[in-house]
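Chemist: This is the structure I want to talk about, given as structure tokens.
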Amino acid sequence: MLPFKLYHPHRDIELPLSLYSCGLHPQHALHRPIGYPTFQCMICFGGEGAFQFENGPSFDLKKGEILLLPSKIAHDYGPTCPEPWVLGYMGIDGSLIETLIESLRLPILKPIAVYEHELEQIGAELQELWRVDEHEGEDFHRMASIRIYSMLTYMASIIHQKEAGPPIRREASSEEWIRASVEYMEQHYMEDISLANIASAVGYSKQHFQRRFKQVYGMRPGQYLQRLRLLRGAQLLEGEERLPVGVIAEMVGMELNYFVRLFKREYGMTPARYRIHHKSITASNRVWSI
């Protein structure tokens, strides 16, 4: 959990987006008769609660929902069930926050539902934002502004993808989405794909994808892709004796010298030597089977 933090504004430059407050913890009931001084983004990570706006709507906010609130609007909110109501939040100031929200077509005062893996990514980015040290000076304000922009545009992409059509696996867990990335690599390893391509294909940021992949498979996705390419290369060396090593390297999406160097590191011999070694073992097995 992340306790409430209040940040000081930049002394010299008015940034288009700036961080006013941030936190993630179980939320108790609050009464805000004059609203909050800045725009707010509220994210529910557990439990359920309710918002009541003066002369306006009232609604529940449960796990997997986000709510955007303009500044200075009177409201009350609090938990509505025994389970802790865990809220993450950002207080966002800056000259362009309202313009950005409007241009991204993000709904205001209306819960935005996200899937589990999307909620995990937003939570990870919120924690990284909270951990940015204010004492870093100007770099802190710049980095916080960039992270806020990234999170808001990610939320907008979630909404627009849902408008375009639901994903095939609506209820997939984060582990299933990570396994889907392995399927993607197995289908595209021969192409010039990057980690950003793979992460995007399964709906993650590159940084969060690498972290979740290592948690599931015990290695970085780049290592997995490299081993997959070398394995496919070894299979081609064994089964396609007439194919030159350079062609095989190209078929598994690698440059020749790089392929040879990594293959030798993985298998203890060059591809050419591996092919000869495999051929001799196969011939020996045939003799013994006669």
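Chemist: Tell me the trypsin sites (Lys or Arg not before Pro) within the range 176-211 that lie in a loop according to DSSP and have at most 16 other beta-carbon atoms within 10 Å. Write down the numbers at each step before the final one.
Modeler: Values: sites: R179, K206, R211; in loops: none.
Loop-located and lightly packed - none at all.
Chemist: Also, I was wondering about something else. Can you pull out the trypsin sites (Lys or Arg not before Pro) in the range 1-64 that DSSP calls coil and that have at most 11 other Cβ atoms within 10 Å?
Modeler: Details: sites: K5, R11, K62, K63; in loops: R11, K63.
Listed in order of number, the matching sites are R11.
Chemist: For the chain, set up a Gaussian network in which alpha carbons nearer than 10 Å are linked by springs, and say which option among E125, E241, E98 fluctuates the most.
Modeler: E241
Chemist: If you don't mind, another one. What do you reckon, how do H75, H278 stack up by accessible area (1.4 Å probe), largest on top? Present the calculation step by step, with values, prior to reporting the outcome.
Modeler: On the way: H75 5, H278 55 Å².
Ranking H75, H278 by accessible area, largest first, yields H278, H75.
Chemist: Quick one: order E183, E102 from most to least accessible surface, probe 1.4 Å. Let's see the in-between values first.
Modeler: Numbers: E183 95, E102 145 Å².
I get E102, E183, largest accessible area first.
Chemist: Just to confirm a number: summing +1 for Lys and Arg and -1 for Asp and Glu over residues other than F53 whose beta-carbon lies under 15 angstrom from that of F53, what do you get? Could you put the intermediate results ahead of the total?
Modeler: On the way: positive: R32, K72, K110; negative: E54, D60, D76.
Within the 15 Å Cβ shell, the charges total 0.
Chemist: Let me ask another. Averaged per residue, what accessible area in Å² does the chain show with a 1.4 Å probe, protein chains only?
Modeler: Per residue, the chain has 55 Å² of solvent-accessible surface.
Chemist: Once neighbouring chains are kept in place and the probe is 1.4 Å, which whole percent of the accessible area of the range 1-108 is contributed by carbon and sulfur? Intermediate results must be reported in sequence, preceding the final value.
Modeler: Details: 3110 of 5500 Å².
Here it works out to 56 percent.
Chemist: Please report the net charge: other residues with Cβ closer than 14 Å to the Cβ of L152, K and R +1, D and E -1. It would help to have the intermediate numbers written out before the result.
Modeler: Details: positive: R105, R147; negative: D93, E98, E102, E118, E125.
Charge balance near L152 sits at -3.
Chemist: For the range 70-127, what is the convex hull volume of its Cα atoms per residue in Å³? Mind showing how you got there, number by number?
Modeler: Numbers: hull volume 7.6 nm³, N = 58.
Normalising the Cα hull of the range 70-127 by residue number yields 130 Å³.
Chemist: When the accessible area of the range 191-283 is computed with all protein chains present and a 1.4 Å probe, what percentage of it is carbon and sulfur?
Modeler: Details: 2680 of 5350 Å².
The nonpolar share, carbon plus sulfur, comes to 50 percent.
Chemist: Would you calculate a helix-derived [θ] at 222 nm for the chain, using -39,500 (n - 2.57) for each DSSP H run of n ≥ 4 and dividing by the full residue count, to the nearest 500? If you can, show how the numbers build up before the last one.
Modeler: Numbers: 10 runs with 141 residues, N = 290.
Value at 222 nm, helices only, nearest 500: -15500 deg cm²/dmol.
Chemist: Run the reach check for K279 against lysines, Cα to Cα strictly under 25 Å, same-chain hits fewer than 8 apart removed. What comes back?
Modeler: K264
The values are calculated or read from the model by the stated rules, or taken from the named source; none is laboratory data. Because the structure is a prediction, the values reported are computed rather than measured. Cβ coordinates were reconstructed from backbone atoms using ideal geometry, including for glycine residues, and neighbour counts include every protein chain displayed. Accessible surface is based on the protein model in full, side chains and every heavy atom, while ligands, DNA and RNA are left aside. Shrake-Rupley method; radii C 1.70, N 1.55, O 1.52, S 1.80 Å.
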